[in-house]
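The values are calculated or read from the model by the stated rules, or taken from the named source; none is laboratory data. Quick caveat: nothing in here was measured; it's all calculated off a predicted structure. Cβ placement follows ideal geometry from the backbone for every residue including glycine, while neighbour counts extend to all protein chains displayed. Heads up: the accessible areas ignore ligands, DNA and RNA and are worked out on the full protein's heavy atoms, side chains in. Shrake-Rupley method; radii C 1.70, N 1.55, O 1.52, S 1.80 Å.
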Amino acid sequence: MCNRYVTPDQAAVERYWHVGRQNPPRLWGPLVHPRGMGPFIRAGDQGRELVVGQWALIPPFAKDAKLPYSTNNARAEELAQKPTFRQAWARGQRCIIPAESFDEPCWESGSNVWWRFRRADGAPWGLAGLWNTWVSRETGEVVESYTMLTLNADAHPLMSRMHKPDPSRPVDAQDKRSVIPIELADVDQWLNGSQDDAQALFTLPPAAAFDAIPLEPPRQSSLI
């Protein structure tokens, strides 16, 4: 799963994904945490549109925008079953989440060391997501929101190293998770294709596609 990432500015989003020029300026902070505001790209009536919303999807059945549980990540393998996400998935409400980088925790040293992941080619990430427009039944308030999809990464040579291991699970069944990058050439397939078209993009790039570095050195044990 991912719990923080860095966004490109609006000019970079417009330049790379050719979206947003027709929209009014939309400002967001560079570092996004769950329930913070961030940009996403979805298919609109006039083509791609740039939207700013809450990073934590609010499902249609929610009575309040503030949910008691986390919805900033969604397992790609369970979208059709999970009540929170299945309507957005069924309706094809897929989006691209622009990111300069994203952070994941590595526990190989025995403590949490954050790593930062950029693309090795210097381009921004376009991460797979779902969106929803929630409307309050009581006040009519409209809230845009989105979730970031994740995929099992137990077999990936880099992403399987992230997150705290579960000692109750075997090494090859940890259910380590990774975000799902959507390549620029596949954006239209992701936004406008069928469910089968979208599921065909549920893959992870090779380790060489990532520029990954720890943000701090591992902490030394006080027993040494």
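For segment 187-213, the tally of residues that are touching a strand residue (DSSP E or B) at 6+ places or on another chain (Cβ under 9 Å) and of a type outside the set (A, V, I, L, M, F, W, C) stands at 6. Restricting the search to strands (runs of 3 or more DSSP E) fully inside segment 120-224 and requiring at least 1 residues that are open to solvent by 40 Å² or more (accessible area, probe 1.4 Å) gives 125-135, 142-152, 210-214.
Which one is surrounded by the fewest Cβ atoms within 10 Å (Cβ to Cβ) among residues in segment 20-51 that are touching a Gly at 6+ places or on another chain (Cβ under 8 Å) and modelled with pLDDT under 90? Across segment 20-51, the extreme among qualifying residues is GLY29. Candidates are the residues of segment 62-86 that are of a type in the set (S, T, N, Q) and in contact with a Ser or Thr (Cβ under 8 Å, 6 or more places away or on another chain); the one that is surrounded by the fewest Cβ atoms within 10 Å (Cβ to Cβ) is ASN73. Residues considered: ARG169, ARG75, ARG94, ARG118. Of these, the only one that is over 28 Å from GLY44 (Cβ atoms), in contact with a strand residue (DSSP E or B) (Cβ under 8 Å, 6 or more places away or on another chain) and basic (Lys, Arg) is ARG118. For TRP89, the conditions (1) open to solvent by less than 50 Å² (accessible area, probe 1.4 Å); (2) of a type outside the set (Val, Ile, Thr); (3) modelled with pLDDT under 95 are fulfilled apart from (3).
If we scan segment 104-124, do we find a residue that is under 15 Å from the mean Cα position of the chain (by Cα) and among the small types (Gly, Ala, Ser)? There is no residue in segment 104-124 that is under 15 Å from the mean Cα position of the chain (by Cα) and among the small types (Gly, Ala, Ser).
Scanning segment 53-68 for any residue that is farther than 21 Å from ALA123 by Cβ and in contact with a Gly (Cβ under 7 Å, 6 or more places away or on another chain) turns up at least one such residue.
Checked against the criterion of being of a type outside the set (Phe, Trp, Tyr) and not in a loop (DSSP other than H, G, I, E, B), the candidates ARG35, ARG48 yield just one match: ARG48.
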